[in-house]
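The structure appears right after this line, and notes come after that.
The values are calculated or read from the model by the stated rules, or taken from the named source; none is laboratory data. Everything numeric here is computed off the predicted structure, so don't read it as measured data. Cβ coordinates were reconstructed from backbone atoms using ideal geometry, including for glycine residues, and neighbour counts include every protein chain displayed.
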Amino acid sequence: MDKRAPFVFGKLATETEFTNRTQELDYLMQNFRSGINTILISPRRWGKSSLVQKATEKIQSRKIRTCSFDMFNTRSQEEFYEQLSQAVIAATSGKVSEFVETARELIGKFIPKINLAGDQNQEISLSLDWEEIRKDPADILNLAEKIAARKNIKIIICIDEFQNIGNFEHAVDFQKKLRAAWQRHKHVTYCLYGSKRHMMMDVFTKPSMPFYKFGDLMFLEKIKLPDWKKFIVKRFADTQKKITPELAGTIAELCECHPYYTQQLAQQTWLRTKGICNLQNILSAHESISQQLSLLFQMITDDLTTTHVNFLKAVIENQQQLTSKKTIDQYRLGTSANAIRIRKALMDKEIIDDMGRGLFLLDPIYAYWLKTVYFRIHQPQPM
Ligand SMILES: Nc1ncnc2c1ncn2[C@@H]1O[C@H](COP(=O)(O)OP(=O)(O)OP(=O)(O)O)[C@@H](O)[C@H]1O
Ligand SMILES: [Mg+2]
């Protein structure tokens, strides 16, 4: 019997930790198969990376190769070119010797150094000659297409935290170059994703920007309540504990179905459950997570101005007319222009979002903490 807690958070959800997300998975794989570029956007920790990894794993074959890299700390064009060429060559070369050969043949003039770490899990890295690339980056940008055409395969390139491209020096010129090269690719499909919604939207939805209409825009939603219920019940049962579908639903609802937190609360509840889960197990786990994070929440809140905090209170109390005179007076938000500015500032800080259905706090535990600890609003207990 596996004694490890059957939930995962802070790491990618794979195998049994992955709820089915069947529709999203099918959709993404369909795009991959048909060569449609995809732009995937969702707030932090809703499961983009897990989904893309699942899709690439499932679609991978002799004829379809996938490669991924993460731009979370990519700060320059040079680093980007290095990551891209390395990922592409690694994904399309079976052996180290093939990697070296491909690199030398196709982009040899850019490579003063190939570093091999000499153990079994060969770690290979390329250092590129930046001066040469600057003169003519097309070879690097078209590398995947060239390899794919030559080997008669398809390549899917997935790039995480792609919005960082907006922070590069000469960002727009750089994006122009990428777009010009990539849109001619016939054997390569791109999946570009990231969590900074506003930055992603700037890159992909502004008509004046090079990546405008580059691909199919996909907004990843949270995982649905019925899926969570089934998932949590099953993971308990798999590990010889029991939880009713209702209580499994309570776990997901307390976290507003937020993927990361739902897994975390399920995990903490599982640890407290002796045999059969009861409501108390869940509530005590929920309280404990909120307490663990209270210092962080206090810091976030200290960083806000009084009117920002007032605005959050209005959102928490479900006021939808945030620029109406009544709400502005009740929550002391100043003027309606001011309320609009606060809304934007809190969105830029990724504290609130609206996703087209009314404002809400992105972090459900922060919302709970504000409600119960900071504003001390009475909270009905789940039955
Ligand atoms: N399909 C899924 N089934 C179950 N849990 C999931 C699923 N996808 C994500 N999660 C949960 O959410 C957490 C965050 O997932 P992931 O890292 O994929 O999100 P992300 O959107 O890429 O986050 P970030 O913005 O931080 O990069 C995972 O550790 C896991 O707990
Ligand atoms: Mg991620």
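Results, tabulated for the structure shown:
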{"read-out": "Close pairs (8 angstrom Cβ cut-off, 6 or more residues apart or separate chains): touching a residue at least 40 places away in the same chain (Cβ under 8 Å) in the range 246-261, away from ligand 1 (no atom under 13 Å from the Cβ) and outside any helix (DSSP H, G or I) anywhere", "value": "T250/P382; E253/P382; L254/P382; E256/F360"}
{"read-out": "Members of the range 214-246 that are in a loop (DSSP other than H, G, I, E, B), within 30 Å of H185 (Cβ to Cβ), of a type in the set (A, V, I, L, M, F, W, C) and more than 16 Å from ligand 2 (Cβ to nearest atom)", "value": "F214"}
{"read-out": "Test result for T269, crowded, with 19+ Cβ neighbours inside 10 Å, more than 24 Å from L25 (Cα to Cα) and not aliphatic (A, V, I, L, M)", "value": "yes"}
{"read-out": "Extreme residue, nearest to K186 (Cα to Cα), among residues of the range 149-164 that are within 16 Å of the chain's Cα centre (by Cα) and assigned to a helix (DSSP H, G or I)", "value": "F162"}
{"read-out": "Subset of the range 256-280 [in a loop (DSSP other than H, G, I, E, B), under 23 Å from the mean Cα position of the chain (by Cα) and not acidic (D, E)]", "value": "C257, H258"}
{"read-out": "Any hit, the range 82-98, residues being modelled with pLDDT under 90, outside any helix (DSSP H, G or I) and crowded, with 16+ Cβ neighbours inside 10 Å", "value": "yes"}
{"read-out": "Residue in the range 165-185 that is within 16 Å of ligand 1 (Cβ to nearest atom), buried (at least 18 other Cβ atoms within 10 Å of the Cβ) and polar (S, T, N, Q) present", "value": "no"}
{"read-out": "Some residue of the range 233-247 being under 22 Å from M29 (Cβ atoms), more than 13 Å from ligand 1 (Cβ to nearest atom) and crowded, with 20+ Cβ neighbours inside 10 Å", "value": "no"}
{"read-out": "E15 more than 30 Å from Q268 (Cα to Cα) and of a type in the set (D, E, K, R)", "value": "no"}
{"read-out": "All positions within the range 27-45 that are within 11 Å of ligand 2 (Cβ to nearest atom) and either of a type in the set (D, E) or surrounded by 21 or more Cβ atoms within 10 Å (Cβ to Cβ) (or both)", "value": "L40, S42"}
{"read-out": "Test for F211: is it in a loop (DSSP other than H, G, I, E, B) and more than 16 Å from ligand 1 (Cβ to nearest atom)", "value": "yes"}
{"read-out": "Criterion: touching a residue at least 12 places away in the same chain (Cβ under 8 Å) and within 29 Å of M200 (Cβ to Cβ) - qualifying residue of I340, I282", "value": "I340"}
{"read-out": "Spans of helices (runs of 4 or more DSSP H) in the range 300-361 with at least 2 residues surrounded by 12 or more Cβ atoms within 10 Å (Cβ to Cβ) and of a type in the set (K, R)", "value": "336-348"}
{"read-out": "Candidates T16, T56, filtered to the one that is of a type in the set (S, T, N, Q), within 16 Å of ligand 1 (Cβ to nearest atom) and in contact with a strand residue (DSSP E or B) (Cβ under 8 Å, 6 or more places away or on another chain)", "value": "T56"}
